[in-house]
1. Please indicate, with yes or no, whether at least one residue in segment 246-262 is touching a strand residue (DSSP E or B) at 6+ places or on another chain (Cβ under 8 Å), open to solvent by less than 10 Å² (accessible area, probe 1.4 Å) and among the aliphatic types (A, V, I, L, M).
2. Can Asp304 be described as part of a helix (DSSP H, G or I) and either surrounded by fewer than 16 Cβ atoms within 10 Å (Cβ to Cβ) or at pLDDT below 95 (or both)?
3. Where in segment 210-291 are there helices (runs of 4 or more DSSP H), lying fully within it, with 3 or more residues that are within 25 Å of Gln148 (Cβ to Cβ)?
4. Kindly check whether there is at least one residue in segment 368-390 that is open to solvent by less than 90 Å² (accessible area, probe 1.4 Å), farther than 15 Å from Ile76 by Cβ, touching a Pro at 6+ places or on another chain (Cβ under 8 Å) and part of a loop (DSSP other than H, G, I, E, B).
5. In segment 308-333, which residue that is without any contact (Cβ under 8 Å) to a residue 24 or more places away in the chain and not in a helix (DSSP H, G or I) is surrounded by the fewest Cβ atoms within 10 Å (Cβ to Cβ)?
6. Of everything in segment 112-165, what is polar (S, T, N, Q), out of contact with any Pro (no Cβ under 8 Å at 6 or more places or on another chain) and open to solvent by 30 Å² or more (accessible area, probe 1.4 Å)? Give them in sequence order.
7. Using the structure shown, decide if Leu208 is in contact with a Cys (Cβ under 6 Å, 6 or more places away or on another chain), within 28 Å of Ala24 (Cβ to Cβ) and of a type outside the set (D, E, K, R).
8. Inside segment 208-222, can you point out the residues that are open to solvent by less than 50 Å² (accessible area, probe 1.4 Å) and over 21 Å from Phe131 (Cα atoms)?
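The values are calculated or read from the model by the stated rules, or taken from the named source; none is laboratory data. The structure displayed is predicted, hence computed values, not measured ones. Virtual Cβ from ideal backbone geometry, glycine too; neighbours counted across all protein chains shown. Remember, those area values only see protein heavy atoms, side chains included, never the ligands or the DNA or RNA. Shrake-Rupley method; radii C 1.70, N 1.55, O 1.52, S 1.80 Å.
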Amino acid sequence: MSANSTPTSPLAGLRVLDVSTMLAGPYGATLLGDLGADVVKVESHLGDDSRRLGPMREGECGPFLSLNRSKRAVVIDMLQAEGREVFARLAATADILITNVREPALSKLGLNYEQVKAHRPDIIWIGVTAFGPDGPYAGRPGIDFLTQGYCGVLGLNGEPGGGPVRTGFPAVDVITSLLVSNAALAALRVRERTGKGQRIEVSLLDALMHAQASSIGGYLATGERPKRTGNRSQYFAPSGVYPTKDGRHVIITTPSEKFFGHVCRALGADWDQDPRFHDITSRLAHHDELDRVMSERTRQFDRDELVARLIAADVLTAPINDVEDVVKDPQIRHNKMIVQVDHPVLGSLDVTGVPIRFYGSPCSVEKHPPMQGEHTREVLAGLGYSESEIDGQIAAGVTADRPEMLRRRAQKKARKQVASRTNEASK
């Protein structure tokens with residue numbers, strides 16, 4: 001357990017090795033760190049790809065900062081035999097390992113289940129793949145977007161008659177990350193009973209199929225194909241996005257007769273007395289006309305005024321917030337889903353918070369998202385390496401600390417500048 005962990009946190013005393021990149025694997029490890037585990041992110045000198053994607057702030061990538069809170073970071077070159085020896089000593093101290101490295105690199109780096117089990121016999125080893133560890137698609141590269149295609153989500157997203165549309169955020173990766181953390185916790189329970197760890201596989205494809213129980217499951221049960229409905233519901237009306245006087249929009253949805261009556265009273269209308277709109281079946285048949293008359297009425301109010309009016313009438317409604325609104329939302333703030341951490345370079349930094357509230361063993365974000373190699377010396381010293389041994393490893397390129405990564409970054413930048421000047425001179 002790191003010095004910064006709270007001993008009463010749910011997972012205090014557990015160590016997790018995050019040997020994964022991008023989102024699904026790392027974010028699963030992040031949640032375990034949020035719950036109190038000591039998560040050590042193991043990177044090569046190249047680093048997690050997500051360190052280079054998206055908007056930057058003083059050399060740190062915005063998405064990485066929130067995806068990788070609650071961790072420490074080390075750099076180990078596992079292509080070198082000495083690097084694999086360092087990793088073996090680290091793995092011997094771990095309870096859980098998460099990786100999304102594909103074969104043959106997985107075995108080449110000494111990361112497959114049997115190899116890691118040799119260092120820690122009761123290790124809980126979680127492999128994240130796009131399509132599964134075996135079968136016709138095994139070994140293929142894949143990301144969130146591709147699985148949305150395979151599982152039919154792109155075919156369901158968007159307006160009727162329009163083209164396929166992916167989800168606006170990496171929903172499949174996030175769902176998978178939750179399954180990763182859930183699997184880890186279940187495996188810990190098994191280990192408590194049996195004393196044995198195990199290999200676990202989680203895939204993006206399976207995660208998205210799991211998430212589609214209502215749409216794919218409905219088809220399996222009845223043979224009725226799910227339809228692309230845009231913002232509407234396939235099963236009840238009205239349900240959609242409605243304009244307001246100030247050029248903004250609100251969501252209004254009515255999964256029962258009670259809520260439709262509430263809408264009518266809130267907007268001063270008697271639509272529930274109209275034969276076209278009297279029940280759900282009639283409203284679905286006349287959804288276009290119902291949306292038209294509702295939009296005429298909602299345009300009489302500014303958005304915030306309308307939302308307040310609808311909430312007071314117990315209507316299922318919400319504003320459509322821009323990101324600037326989201327981070328200021330009073331309920332999101334109250335729930336501590338935006339929290340502040342101190343970053344050694346960036347100073348005060350806001351990141352997303354812990355999505356589970358424990359009353360008996362509270363947990364919180366206690367570690368800032370780590371800079372590459374920031375904790376290499378700290379972690380290696382905890383494994384018993386002396387300062388001189390760590391110096392030698394860094395000099396040989398076996399490991400790297402933060403100053404070494406900054407030196408390499410500056411060196412790379414200088415080489416690019418020289419190459420650019422050379423290219424300009426040759427023109």
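1. Here is the first cut: in segment 246-262, the ones touching a strand residue (DSSP E or B) at 6+ places or on another chain (Cβ under 8 Å) are 248-255, 259.
Narrowing further to those that are open to solvent by less than 10 Å² (accessible area, probe 1.4 Å): 250, 252, 254.
Filter again for among the aliphatic types (A, V, I, L, M), leaving 250, 252.
Checked against the condition, which is being touching a strand residue (DSSP E or B) at 6+ places or on another chain (Cβ under 8 Å), open to solvent by less than 10 Å² (accessible area, probe 1.4 Å) and among the aliphatic types (A, V, I, L, M), segment 246-262 yields at least one hit.
2. Working: part of a helix (DSSP H, G or I): yes; either surrounded by fewer than 16 Cβ atoms within 10 Å (Cβ to Cβ) or at pLDDT below 95 (or both): yes.
Considered against the rule, which asks whether it is part of a helix (DSSP H, G or I) and either surrounded by fewer than 16 Cβ atoms within 10 Å (Cβ to Cβ) or at pLDDT below 95 (or both), Asp304 comes out as yes.
3. Details: elements: 215-222, 257-266, 280-285.
Filter on segment 210-291 gives 215-222.
4. Yes, segment 368-390 contains at least one residue that is open to solvent by less than 90 Å² (accessible area, probe 1.4 Å), farther than 15 Å from Ile76 by Cβ, touching a Pro at 6+ places or on another chain (Cβ under 8 Å) and part of a loop (DSSP other than H, G, I, E, B).
5. Applying the first criterion (without any contact (Cβ under 8 Å) to a residue 24 or more places away in the chain) to segment 308-333 yields 308, 311, 321-333.
Filter again for not in a helix (DSSP H, G or I), leaving 321-322, 327-329.
Values: Asn321: 13, Asp322: 9, Val327: 14, Lys328: 11, Asp329: 14.
Going through the qualifying residues, I end up with Asp322.
6. Going residue by residue through segment 112-165, those that are polar (S, T, N, Q) are 112, 115, 129, 147-148, 157.
In the following step, the residues that additionally are out of contact with any Pro (no Cβ under 8 Å at 6 or more places or on another chain) were identified as 112, 115, 129, 147-148.
Within segment 112-165, Asn112, Gln115, Thr129 qualify.
7. Details: in contact with a Cys (Cβ under 6 Å, 6 or more places away or on another chain): yes; within 28 Å of Ala24 (Cβ to Cβ): yes; of a type outside the set (D, E, K, R): yes.
Yes: the conditions hold for Leu208.
8. The answer is Gly218, and nothing else.
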